[in-house]
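A quick write-up on the structure given underneath.
The values are calculated or read from the model by the stated rules, or taken from the named source; none is laboratory data. The structure presented is a predicted model; accordingly, all values stated were derived computationally and were not measured. With ideal geometry, Cβ positions are generated from the backbone for all residues, glycine too; neighbour counts draw on all protein chains shown.
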Amino acid sequence: MKKGNLKHVQKILTECRRIVITTHVNPDGDGVSSELALARFLEKSGKEVRIVNRDPVPEIFAFLPGTDRIRVSETLPHDADLVVVLDCGGLDRSGLKVNAAAPPPVVVIDHHLTNDHDGEINLLDAKASATGELVYLLLREMERAGAVSMDFPMALCLYTSIFTDTGSFRYSNTTPKAMTIASELLAFGINAWMVAEQVYESKSYPVLKLTGAFLQTLAVSRQWRFAWGTIRQADLERTGTREEHTDGFVNYPRSIRGVEVAILFREVPGASVKISMRSKGKVNVAAVAEQFGGGGHHNAAGCVLEGTLPEVTRRVLKIVGECLDDEACYESPACDT
């Protein structure tokens with residue numbers, strides 16, 4: 001991250017009064033937490049701030065202070081002086097429609113390797129553990145320059161951001177810097193167990209039923225180098241669950257001994273399939289996702305492809321197999337036609 005960019009973002013946030021904050025479609029813990037922390041700080045600074053997302057906050061993050069003020073809409077408000085897009089490459093990734101004849105300037109704050117640099121001002125660092133880490137550094141910079149200080153609600157949100165995007169401090173993006181920042185945030189009085197319980201140990205019975213259905217579809221390649229599983233729309237309907245409840249499912253096939261890449265294929269309305277990929281390090285799944293119009297990190301990426309579940313599954317598994325000198329076994333339920 002360039003220090004000059006940090007100062008530039010601080011300057012424009014200070015100058016603008018009406019600010020809209022958003023994140024990517026299907027927001028996750030990093031996106032939501034970063035929004036809430038930044039919005040609270042800016043409001044304490046006297047700004048008029050709105051958080052507008054295309055999709056609702058996942059229920060596991062309802063404990064975060066301020067989630068009730070996040071507005072769900074398909075359209076970007078037309079009267080903002082500035083739009084801040086968090087945890088994705090630009091306004092297009094937010095899914096929000098822009099109706100204004102002259103859209104406001106856009107600031108992008110993101111840590112994804114495949115960021116498309118779509119903001120007029122970009123605060124980017126692919127080495128950061130989470131977008132929340134960048135927001136933390138920004139708020140500390142603004143704190144030194146003004147009268148507003150970080151408080152417990154902001155700290156709780158930013159800790160949750162880093163905690164979730166590092167897989168509870170298990171993934172390779174768990175850097176010394178991330179741990180130092182997490183330690184500083186805990187010093188505000190955060191109960192680390194409470195956050196872990198809310199995020200990972202508060203699942204409903206229907207979600208566990210959905211998990212069981214997913215596990216039934218798991219399959220591995222011939223050399224056991226990659227594995228995958230499937231969620232169909234019928235699985236969600238039968239268990240009374242939603243898309244957000246599949247978060248983390250891709251980690252089950254990744255946990256299989258010997259597997260280097262794991263893939264989750266999920267049917268979405270409109271004859272499309274959403275793909276989530278995870279790698280243990282040998283394969284850059286962001287590069288794989290980019291071939292299909294997606295993106296992400298070296299070890300975590302995704303995309304959405306049009307087509308039937310069997311068609312999309314075969315296309316993606318072929319590419320992943322080539323990366324690992326392996327091939328899929330099509331006896332898997334995931335490839336049933």
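Mind listing whichever residues of region 40-97 are closer than 20 Å to C157 by Cβ, part of a helix (DSSP H, G or I) and either of a type in the set (F, W, Y) or under 18 Å from the mean Cα position of the chain (by Cα) (or both)?
F41, E59, I60, F61, T67, S94
For every residue, the table says whether it meets (1) in the same structural domain as E327 (by TED's automatic domain parsing); (2) modelled with pLDDT under 95; (3) assigned to a loop (DSSP other than H, G, I, E, B).
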| site | (1), (2), (3) |
| --- | --- |
| F188 | no, no, yes |
| W193 | no, no, no |
| L210 | yes, no, no |
| A213 | yes, no, no |
| T217 | yes, no, yes |
| G229 | yes, no, no |
| E237 | yes, no, no |
| E244 | yes, yes, no |
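Looking at region 66-99, which of the residues that are out of contact with any Lys or Arg (no Cβ under 8 Å at 6 or more places or on another chain) and more than 24 Å from A126 (Cα to Cα) is modelled with the lowest pLDDT?
Residue satisfying both the conditions and the ranking: N99.
Find all pairs meeting these conditions: Cβ atoms under 8 angstrom apart; at least six residues apart or on different chains; first residue within region 221-242 and of a type in the set (F, W, Y); second residue surrounded by fewer than 20 Cβ atoms within 10 Å (Cβ to Cβ) and in a strand (DSSP E or B).
F226/V220
Just name the residue that is surrounded by the most Cβ atoms within 10 Å (Cβ to Cβ) out of those in region 36-53 that are of a type in the set (D, E, K, R) and more than 17 Å from E74 (Cα to Cα).
The selected residue is R40.
Taking V148 as the residue in question, decide whether it is β-branched (V, I, T), outside any helix (DSSP H, G or I) and surrounded by 15 or more Cβ atoms within 10 Å (Cβ to Cβ).
Judged against the criteria, V148 is a match.
For region 17-27, which positions are in contact with a helix residue (DSSP H, G or I) (Cβ under 9 Å, 6 or more places away or on another chain) and either not assigned by TED's automatic domain parsing to the domain that holds T75 or not in a strand (DSSP E or B) (or both)?
H24, V25, N26, P27
Tell me yes or no: at least one residue of region 196-216 is closer than 23 Å to S255 by Cβ, surrounded by 13 or more Cβ atoms within 10 Å (Cβ to Cβ), in contact with a strand residue (DSSP E or B) (Cβ under 6 Å, 6 or more places away or on another chain) and hydrophobic (A, V, I, L, M, F, W, C).
Yes: one or more hits.
Of (1) surrounded by fewer than 22 Cβ atoms within 10 Å (Cβ to Cβ); (2) under 21 Å from N251 (Cβ atoms); (3) at pLDDT 90 or above; (4) not assigned by TED's automatic domain parsing to the domain that holds G293, D165 satisfies all except one. Which?
Only one criterion is unmet by D165, namely (1).
Condition check: at pLDDT 95 or above, surrounded by fewer than 19 Cβ atoms within 10 Å (Cβ to Cβ) and of a type in the set (A, V, I, L, M). Does I263 satisfy that?
no
Kindly check whether there is at least one residue in region 77-84 that is closer than 21 Å to R140 by Cβ and buried (at least 18 other Cβ atoms within 10 Å of the Cβ).
Yes, some residue in region 77-84 is closer than 21 Å to R140 by Cβ and buried (at least 18 other Cβ atoms within 10 Å of the Cβ).
Step by step: first the residues of region 137-193, then only those that are of a type in the set (F, W, Y) and out of contact with any Gly (no Cβ under 7 Å at 6 or more places or on another chain), then the one that is farthest from K280 (Cα to Cα). Which residue is that?
This residue is F188.
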